[in-house]
Amino acid sequence: MKRVVVGLSGGVDSSVAAYLLQQQGYEVIGLFMKNWHDDSVTISNECPWLEDSNDALLVAEKLGIPFQTVDLSEQYQEKIVDYMFREYEKGRTPNPDVLCNREIKFDVFMKIAMSLGADYVATGHYCKKSEIEVDGEPVYQLLAGADNNKDQSYFLCQLSQEQLAKSLFPIGELTKPEVREIAAQMDLVTAEKKDSQGLCFIGKVRLPEFLQQKLQPKEGLIIQIDKNNPVYNIDAPKLLSVEDGLVLEAKKIDYIPEMGKVVGNHQGAHYFTTGQRKGLNVGGTTDPLFIISTNVATNTIYTGLSSQHPGLFKKALFVEKSEVHWIRTDLALANGKTMDVLARIRYRQPLQKATLHQFENGMYVSFEEPQSAITEGQFVAWYLGDELVGSGVIS
């Protein structure tokens, strides 16, 4: 019997994952991760992690598997929370869920599992893993989950071959309703439990309040840029090299206040992100205002009317060399090479046709259709069919 440690989160997905592994004849151990918790920023006075760890314990008791809680708050604070503050301070928008998987669940947590003699770590992610052979060596593939509506492969886009080798995703072949049905048949306490919202493991947190602990409010101007501003009429020179053309398409527009009109004030550019429309508190406009750019150096937010404003769209993005990550290292591009892929720049975005261009200093991803709200600090993930083969931080 192989031993599997399941990250029991107190939700229905990991509960059913543990049950299925047990059915498949594995020796299953349940571990609940207590991650960082701060009462001063939770939305209500409920204590989500206590409730969740109790539910995880009840599931473990029902299945008759050993259970314990591991406190990872220190590592979480250092690897996720501090990183988030640093990124927001630079005016970037991090993705804590992707990082949490790379740094906590499939690293710190995985090491604890291995110290308990585990062969594998399993989670309740909606994705699949398979194994192929390349040049006589086993190579692991990360595939989209069977439930199109719930596919979570994107959140695992930073995993390595070593991490995938020791991972199992028992519910990847199932849909959410099927998972709930199994939980109900087994009379598991989590069968009807709502899916958790909010930051990975932090529970129900208001992001601005969370950020205000470290990043002080600072009043600045909200500027509205007209969609007909000449800054959007850039004619590319005809004789550009491919790389120069991509540089131009991926380039961030340097807005200055003189390009538009002042429509309001905000409490800190670092609390806002490109593409955001809520929280600006500017009234009286014909269409909703969207953030098209933020400048943390001058503490200015630039906005445009409607979701079709030209300031929201770009055809390409850049990933610095050190931030390019291949799950399928055997497919990594050499300099000067290209690859046609399907890509997404955020979770749940439908996959978009794109081309990867690898250069000496990093990689450009150029899209067939212009993309709205490409956001620095977020992850772009690229797929071949339904296999996620690599990802990178948008720079």
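The conditions of being under 23 Å from S391 (Cβ atoms), of a type in the set (D, E, K, R) and out of contact with any helix residue (DSSP H, G or I) (no Cβ under 8 Å at 6 or more places or on another chain) are not met by E360. Residues that are surrounded by fewer than 20 Cβ atoms within 10 Å (Cβ to Cβ) and touching a helix residue (DSSP H, G or I) at 6+ places or on another chain (Cβ under 8 Å) within the range 301-313 comprise just one, P310. In the range 134-191, of all residues being of a type in the set (V, I, T) and at pLDDT 95 or above, the one that is farthest from A343 (Cα to Cα) corresponds to I182.
If the condition is being surrounded by 22 or more Cβ atoms within 10 Å (Cβ to Cβ) and part of a helix (DSSP H, G or I), then the range 105-137 contributes K105, F106, F109, A113.
Does the range 240-248 include one or more residues that are farther than 30 Å from F85 by Cα and modelled with pLDDT under 90? Within the range 240-248, one or more residues are farther than 30 Å from F85 by Cα and modelled with pLDDT under 90.
Here's the yes/no breakdown for (1) touching a Ser or Thr at 6+ places or on another chain (Cβ under 7 Å); (2) within 28 Å of G145 (Cα to Cα):
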residue	(1), (2)
G284	no, no
L289	yes, no
H309	no, no
K321	no, no
N335	no, no
L351	no, yes
G362	no, no
F367	no, yes
E376	yes, yes
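Put simply, of S322, S366 the only residue that is modelled with pLDDT of 95 or more, hydroxyl-bearing (S, T, Y) and either in the same structural domain as E243 (by TED's automatic domain parsing) or more than 30 Å from S307 (Cβ to Cβ) (or both) is S322.
The single condition among (1) of a type outside the set (V, I, T); (2) over 19 Å from S153 (Cα atoms); (3) without any contact (Cβ under 8 Å) to a residue 60 or more places away in the chain that A354 does not meet is (2). Among the numbered conditions (1) part of a strand (DSSP E or B); (2) in contact (Cβ under 8 Å) with a residue 40 or more places away in the chain; (3) touching a strand residue (DSSP E or B) at 6+ places or on another chain (Cβ under 6 Å), the only one that E249 does not meet is (1). Yes or no: the range 290-298 includes at least one residue that is hydroxyl-bearing (S, T, Y), more than 30 Å from D386 (Cα to Cα) and buried (at least 19 other Cβ atoms within 10 Å of the Cβ). Checking the range 290-298: at least one residue is hydroxyl-bearing (S, T, Y), more than 30 Å from D386 (Cα to Cα) and buried (at least 19 other Cβ atoms within 10 Å of the Cβ).
Evaluation of N335 against the conditions (1) outside any strand (DSSP E or B); (2) within 23 Å of I253 (Cα to Cα); (3) not charged (D, E, K, R) shows that the sole unmet condition is (2).
Which number in (1) over 22 Å from G91 (Cβ atoms); (2) assigned to a loop (DSSP other than H, G, I, E, B) marks the one condition that K353 misses? Going through the list (1) over 22 Å from G91 (Cβ atoms); (2) assigned to a loop (DSSP other than H, G, I, E, B), K353 breaks only (2).
The values are calculated or read from the model by the stated rules, or taken from the named source; none is laboratory data. Just so it is clear, the structure is predicted and the values come from calculations on it, not from any experiment. As a convention, Cβ positions derive from the backbone with ideal geometry for all residues, glycine included, and neighbour counts pool all protein chains shown.
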